[in-house]
Structure formats: C-alpha cells, structure tokens
Amino acid sequence: MQYPVDIVCYRCAIVLPVLDTPVGRAAWWRFMEEHAYHPVEILWEHSEAWERIDIDFIQVDSDISSDPSLAEYASDDWTGRPLALHPRPVARAVAAIVTRVEEAFGAREWQAAPGDAVVAEWILEVMDFAPPPGAVVDAAAVRARVAAVEAARERLHQAAAEPVGEHFGALLKELLHTLPSAVELPVQELIAESGPPASPRLWDVERALRLTQHLLNHISIR
C-alpha cells in the first residue's frame, strides 16, 4: 500500500506531490534539479512540518487555479517557473504576520471590536489576488495589475483610519508598513522587468495581498 508523500522546498516555498507515474517521475526529477541544494523535506500525511506550509506556498497539482498542474511543472515550457523559483520577501513577511494572527485566533487572544468585520468586508471589495505565475503579461496588463495593487493598498490605508478594534488597527498598520508603497513599485520599471511573466517584484506583492485577503476573510466572519 502506498501512502501519500510530498516534498517541500522551504526556500522557494513550493510543495510537490511524489507520484509513481510517468509525469510524476518527470516532476520529481525536475524538483531535484531545481532544489537539490535548497532546504527540502519529505512530508507524510501527518507530518508536523505541514504546519509550516502556509497559503503562500505553491502547491503543485492542487485545486488552486493559480498553482501549476503536475504536467506544467514537469514541462520545460512552463512560463511560471522563473517566478515560482524567485524569492518572495514581501509575501514571506506577510505570511509571518498571518500565521501570528491566526495563532492568536486559535488561542482566543484576538480581541475583536464590533466594527472589525464590516471594515474587513469593505477592504475585501477591492481585493481579488491570485494571479498564476505563468500568466503572460504585456504593458497594459502590468499597468492594470499595478493599479489593482495600489487600490488595495489605498483601501487598507483608509481602513486604518476607521474606528476598528485595537488588534485589527495594529494589524492594518503592520501590513501597511510591510507592503511596499507606490513609489517602490514604479510602473515603468515593472513593465521593463516583465515578460513573458510579470515582474517578480509585482508578483511578490500580489502574493502578499492574497495572504492579506485570506486573513481578512477570517476577520470578516468573526
């Protein structure tokens, strides 16, 4: 009897299912080629290490539309490979914030105020971030994606001035401090860095906002 096995690279934040099929073996060899000297770990179904896997991790062959299929990952033609392997410092920093807040939820240490859920839902109106790394972009697409990032950050800034609870207010300020400003994401530079996939800097911030979106969903229903 075979048990489900996965392998994770913590440096690149990517998880691969280990499957005994032709495409599965091809994906395994691709993983070993790309991550042989990175911090990797074998994961069994009940491995404690799963607790270190947050939603910023790319999970190959998952149900998430922005993650690659096993065949895409194994292929030389997967355009998302450069972004998948590129460091994501902003997303990793936000992932740490999200993990800490969710642990506070679990320990019942998060003190919610009556207006928190309403403000969280208001922020979510301008947030929808799950771009696949393999998406091919042109200058117009980069401009649109940067505009979406700026709209989300502006809504977070406006929300920080709303009468929310102490914990939610502190979270919003920390997120705004962690996310880059518009000055740090100049459109022309991001266009120059893009092609065929988006700029790594842009995708990193989009992943960070996806994590933020996930956390705000939790707050909106508390």
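The table below gives the values:
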{"item": "Loop trypsin sites (Lys or Arg not before Pro), segment 107-198 (other Cβ atoms within 10 Å of the site Cβ: 16 or fewer; DSSP)", "result": "R108"}
{"item": "3J(HN,Hα) from dihedral phi, segment 167-182, Karplus parametrisation 6.51/-1.76/1.60, rounded to Hz, x for glycine, proline", "result": "5, 5, x, 5, 4, 4, 5, 5, 5, 5, 5, 7, 6, x, 7, 4"}
{"item": "Estimated FRET transfer efficiency when R0 is 25 angstrom, pair A161-I53 (beta carbons, to 0.05)", "result": "0.10"}
{"item": "Segment 181-222 residues near the modelled A112 label - backbone nitrogen below 16 Å, point 7 Å along Cα→Cβ", "result": "214-222"}
{"item": "Degrees separating the helix 89-106 axis from the principal Cα axis of the chain, which is the longest one", "result": "70 degrees"}
{"item": "Using a Förster distance of 35 Å, the FRET efficiency for T178-A135 (Cβ separation, nearest 0.05)", "result": "0.90"}
{"item": "Per principal axis, descending, Cα span of segment 134-205 in whole Å", "result": "43, 21, 16"}
{"item": "Share of carbon and sulfur in the accessible heavy-atom surface of the chain [1.4 Å probe, %]", "result": "56 percent"}
{"item": "Dipole of the chain, positive end: most advanced residue of L156, A26, A71 [Cβ charges, Cα centre]", "result": "L156"}
{"item": "Solvent-accessible area per residue for segment 1-49 (1.4 angstrom probe, square angstrom)", "result": "64 Å²"}
{"item": "Centre separation in Å (Cα based) which lies between segment 97-158 and segment 1-32", "result": "30 Å"}
{"item": "Dipole in debye (nearest 20) - the chain, about Cα centre, beta carbon charges: Lys, Arg +1; Asp, Glu -1", "result": "360 debye"}
{"item": "Among P132, A120, A104 - extreme Cα towards positive end, dipole of segment 74-172, charges at beta-carbon", "result": "P132"}
{"item": "Size of electric dipole in segment 1-90: Cβ of Lys, Arg +1 and of Asp, Glu -1, about Cα centre, debye, nearest 20", "result": "280 debye"}
{"item": "DSSP-loop GluC sites (Glu not before Pro) across segment 107-193, with at most 14 other Cβ within 10 angstrom", "result": "E109, E125"}
{"item": "Average accessible area per residue (Å²) across segment 105-173 - probe 1.4 Å, nucleic acids and ligands excluded", "result": "54 Å²"}
{"item": "Segment 95-173 - convex hull of the alpha-carbon atoms, volume per residue in Å³", "result": "103 Å³"}
{"item": "Cβ-derived FRET efficiency at R0 30 Å, I64 paired with I42, nearest 0.05", "result": "0.85"}
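The values are calculated or read from the model by the stated rules, or taken from the named source; none is laboratory data. As the structure is a prediction and not an experimental result, all values here were calculated from the model. Note: ideal-geometry Cβ built from the backbone for every residue, glycine included; neighbour counts use all protein chains shown. To get the accessible areas, we keep the full protein, side chains included, count just its heavy atoms, and leave off ligands, DNA and RNA. Shrake-Rupley method; radii C 1.70, N 1.55, O 1.52, S 1.80 Å.
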